[in-house]
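See below for the structure under consideration.
Derivation of every value follows stated rules applied to the coordinates shown; laboratory data play no part. Nothing here was measured: the structure is a model prediction, and the numbers come from that model. Positions of Cβ are generated from backbone atoms using ideal geometry, with glycine treated the same way; all protein chains shown enter the neighbour counts.
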Amino acid sequence: MADPDILARELEHHEKLYAGFAQSHFARPAVRVLRHHSVARILHLTGAGKNSRVLSLGCGIGDTELLLAPYVAEVVGVDLSPAAVRQARADAERLGIRNARFERGSDAEGRFDVVMAVFFLHHLSDAALAELPRHLQERMETGGVFYSLDPSRRRLSGAVGRLLIPGMMKRYQTPDERELDPEQTCSHFRDAGFDARVEMYDFGSSPLAGLLPGWAWGYRTARIVDDWLLKAPPFRRRGSNFEIVARRLPHQPPVP
Ligand SMILES: C[S@@+](CC[C@H](N)C(=O)[O-])C[C@H]1O[C@@H](n2cnc3c(N)ncnc32)[C@H](O)[C@@H]1O
């Protein structure tokens with residue numbers, strides 16, 4: 001059950017963020033390359049393709065979804081923030097993308113082959129996060145795949161950021177968001193009958209993409225270093241953002 005106070009604070013924060021700062025920040029070359037990388041990763045891990053219907057929870061201004069749209073049948077993005085939805089719709093129109101639709105809210109009608117949630121789960125209350133996988137059973141086709149990306153509670157970059165640039169970190173964060181424990185988050189999906197696993201997306205490349213000067217080659221270099229670092233378990237454990245990849249199984253336990 002969504003907590004109305006949290007929703008109000010999320011809305012207030014994101015209406016300000018999407019008044020212009022997010023648009024210019026996400027247009028930086030490093031963030032654009034990061035989004036392209038993220039889309040390739042989502043396609044790879046979910047198996048989404050030309051026939052897939054995709055639902056994106058907490059889609060923001062839809063920049064990831066609009067990059068994904070050419071590879072799938074349909075993308076529906078939902079977000080709490082009217083400013084975000086307006087921007088996503090305007091960008092879809094400007095780019096001539098006809099198979100992406102954006103709605104204000106936390107849910108959409110219908111069933112989907114893929115449900116994605118990029119930097120979304122860590123904005124939910126503990127109760128809403130624990131409840132989400134059972135709800136998703138109604139939204140997803142059997143065999144459908146859920147994908148999420150969220151900051152890890154064990155990330156080294158978070159500890160360093162809090163020490164060196166606490167003001168900048170606050171600027172990006174809502175009062176209620178928090179880093180999540182990867183295994184605990186994954187267990188909510190397993191408990192709801194999904195075949196779920198944790199992957200580690202990055203070590204330093206995504207946090208660096210948000211910092212100065214935002215060059216594309218800077219992100220690409222950091223990404224190469226990340227791919228190498230993440231092969232080693234100690235770095236993987238202290239990675240920045242983890243993914244949940246969860247397949248909806250044919251035989252679900254009864255929903256209590
Ligand atoms: C950190 S932003 C991520 C946005 C986007 N996915 C991205 O990668 O840029 C989190 C988003 O979730 C939205 N949000 C937070 N709580 C929500 C809820 N309960 N229902 C729908 N959207 C929500 C916010 O408005 C915000 O756009």
Would you grab the residues whose amide H sits under 5 Å from the one on residue 77? Only those 5+ places off in sequence or on another chain, please, with H modelled 1.01 Å from N. 56, 101, 102, 103
Could you check what % of the DSSP bridge pairs in the range 137-246 are antiparallel, to the nearest 5? 90 percent
Out of 117, 166, 145, whose Cα points farthest toward the positive end of the dipole of the range 106-168 (charges: +1 Lys, Arg; -1 Asp, Glu; placed on Cβ)? 166
Express the relative contact order of the range 126-256 as a whole percentage, based on alpha carbon pairs under 8 Å and six or more residues apart in sequence. 42 percent
Under 18 Å from the Cα of residue 170, which lysines turn up, not counting those fewer than eight places away in the same chain? 16
Using alpha-carbon pairs under 8 Å, 6+ residues apart, how would you state the relative contact order of the chain in percent? 22 percent
Report, in debye and to the nearest 20, how large the dipole of the range 24-123 comes out about its Cα centre when Lys and Arg carry +1 and Asp and Glu carry -1 on their Cβ. 280 debye
Report, in debye and to the nearest 20, how large the dipole of the range 116-239 comes out about its Cα centre when Lys and Arg carry +1 and Asp and Glu carry -1 on their Cβ. 620 debye
The size of the Cβ-based charge dipole (Lys, Arg +1; Asp, Glu -1) of the chain about the Cα centre, to the nearest 20 debye, is 920 debye
Using the Cα gyration tensor of the range 32-120, with a ≥ b ≥ c the square roots of its eigenvalues, what is the shape: rounded (a/c below 1.5), prolate (a/b larger than b/c) or oblate (neither)? rounded
Overall form of the chain per C-alpha gyration tensor (a/c, 1.5; a/b vs b/c): rounded
Rounded to 0.05, the calculated FRET efficiency for the beta carbons of residue 44 and residue 9 at R₀ = 35 Å is 0.50
